[in-house]
Amino acid sequence: MTAVSDSSPLIALSSLSCLLVLKEFFSELLIPEAVYREVVLHGQGKPGAREVQEAEWIRQVQVRDQQTVAATIQRFGFERGEAEAIILAKERGAAWIILD
């Protein structure tokens, strides 16, 4: 089963050394580019950066509908990672989305 995740759950679970618990539930975890940037690139040396980068079962995916991402940010005040995760889940028909 595939799920989509935002940054905070990945960071929190990694800080507890529990990121692999998600693999027990989901064969694949999709994360949008904004989440990858936040966790891996901007989070270098912090919990989650190495774990997410090295996890074969976590896959970075580009969100196609950037117009809806922008509208979601503007209308609801979400951060880019949250908005991209929500739109990615919709685009991929994901049964699960992991948010904080």
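Just so it is clear, none of the values below were taken in a lab; they were calculated from the coordinates. Model, not experiment: these values are computed from the prediction. Cβ sites come from the backbone with ideal geometry, for glycine too, and all protein chains shown count toward neighbours.
Some notes on this structure:
- Segment 57-78: number of residues that are in contact (Cβ under 8 Å) with a residue 24 or more places away in the chain and assigned to a loop (DSSP other than H, G, I, E, B): 5
- Some residue of segment 36-56 being surrounded by 15 or more Cβ atoms within 10 Å (Cβ to Cβ) and part of a strand (DSSP E or B): no
- Selection count, segment 20-33, where residues are part of a loop (DSSP other than H, G, I, E, B) and within 20 Å of Glu84 (Cβ to Cβ): 1
- Restricting attention to segment 57-84, the residues being aromatic (Phe, Trp, Tyr) and crowded, with 16+ Cβ neighbours inside 10 Å number 1.
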